[in-house]
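Shown next, in structure tokens, is the structure this report addresses.
The values are calculated or read from the model by the stated rules, or taken from the named source; none is laboratory data. Note that the structure is a prediction, hence the values are computed from the model and not measured. Positions of Cβ are backbone-derived with ideal geometry, glycine not excepted, and every protein chain shown enters the neighbour counts. The accessibility values were calculated without ligands, DNA or RNA, using every heavy atom of the protein model including side chains. Shrake-Rupley method; radii C 1.70, N 1.55, O 1.52, S 1.80 Å.
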Amino acid sequence: MIKRKFHTMQRFSISIIMTMVMPLAFVLPFSSFSYKTGAVVAALTMTNSLPRSTKSATWRIALNIGRERFTSMPSNWASSGARMPLVFQCNFTDDHEIIPLDDGYVRYTGRNGEVVKPVVKGNWSYTPENQDFSFTLYFPECMSRNDVSLEADTTILCQGKLYTVQDMKELNGVFYDARRKTDEAAKDVTDITKRRMAPKKWDKEQEKWVKRYKEDSMFVNLGKRLKLVMATREEQSKSSQRPKDAMLSLDSGPFPGIGVDNNVFIEKGGTVKVVKKGGIWSIMGSDAVVGSWSAEPVTGKAASYYRPTY
């Protein structure tokens, strides 16, 4: 009887111990796995991302390398008219760095298929007084497509214009004000002819047809025409100071540390220069122009291709 009770208590104790140990045996391996996996993911995230203190914006850069009009180039460089398009995404950071994405590689199509070459980060600068914007990138390896080429150890300098949304509002406001003054001056000049060609009216006292409106003096009319000429020139001047919509990026995008709302437009058709370092460019008196560039923000929004005509 005593043995039976002892065995019963022993089995009961073992069951309690197993009940407590089994969950731990099941959970601990997965906890270790989760911890290790999380450590690996965290390490990869730290490697492929920017520091937490750094703000950045992603833009798609399109370089169009080739011979440009009205520029001095080596006679055998891109003489066929061929181009070498290079399109890749970059992060512009608030510490004035431009960091290529896609693990720092650029891809383009050559004669034998896809060509993959490294591109190294550079720096960007912006002058708000005149909207001048520029950045550099470094290509450590030679790149070529037909007779267009960039030598190894080449640094390019991309120059252009960057406008904040507030800049565009101010430039458009100045232009619209100048256009309103032109419209008013044009109306005054048009009224000269309208008043002169208006149908005559019957004068009961003189019993004859007389002019409906009294004409201004020749000096007054001359002043109105001169005012129109001056207003037209002012409108043209203000219009030339603002970029046309078709020459801007299709949409505005964020840019770290620039503008009130950090949204900007980048003008198309900027110049790409090779920073003089010798080689085939040593014959050039200054940095050689080797193409043009444009940029579009990577925001996930659908781009609008509608452009107003005014």
Legend entry - Test: residue in the range 96-106 that is open to solvent by 60 Å² or more (accessible area, probe 1.4 Å), in contact with a Gly (Cβ under 6 Å, 6 or more places away or on another chain) and on the phi < 0 side of the Ramachandran plot: no
Inset, instruction - List the number of the failed condition for THR190; all other conditions in (1) open to solvent by 60 Å² or more (accessible area, probe 1.4 Å); (2) polar (S, T, N, Q); (3) farther than 30 Å from PHE219 by Cα hold. - result: (3)
Inset, instruction - Please go through the range 247-269 and pick out each residue that is among the hydrophobic types (A, V, I, L, M, F, W, C), modelled with pLDDT under 90 and either in a helix (DSSP H, G or I) or open to solvent by 50 Å² or more (accessible area, probe 1.4 Å) (or both). - result: VAL260
Inset, instruction - Can you tell me which residue within the range 152-162, out of those that are touching a Ser or Thr at 6+ places or on another chain (Cβ under 9 Å) and of a type outside the set (A, V, I, L, M), is least open to solvent (accessible area, probe 1.4 Å)? - result: CYS158
Inset, instruction - Go through ASP147, ASP132 for me and flag whichever is charged (D, E, K, R) and under 28 Å from LEU248 (Cβ atoms). - result: ASP132
Inset, instruction - Quickly run through the range 87-101 and pick out the residues that are under 14 Å from ILE61 (Cα atoms) and in a loop (DSSP other than H, G, I, E, B). - result: LEU101
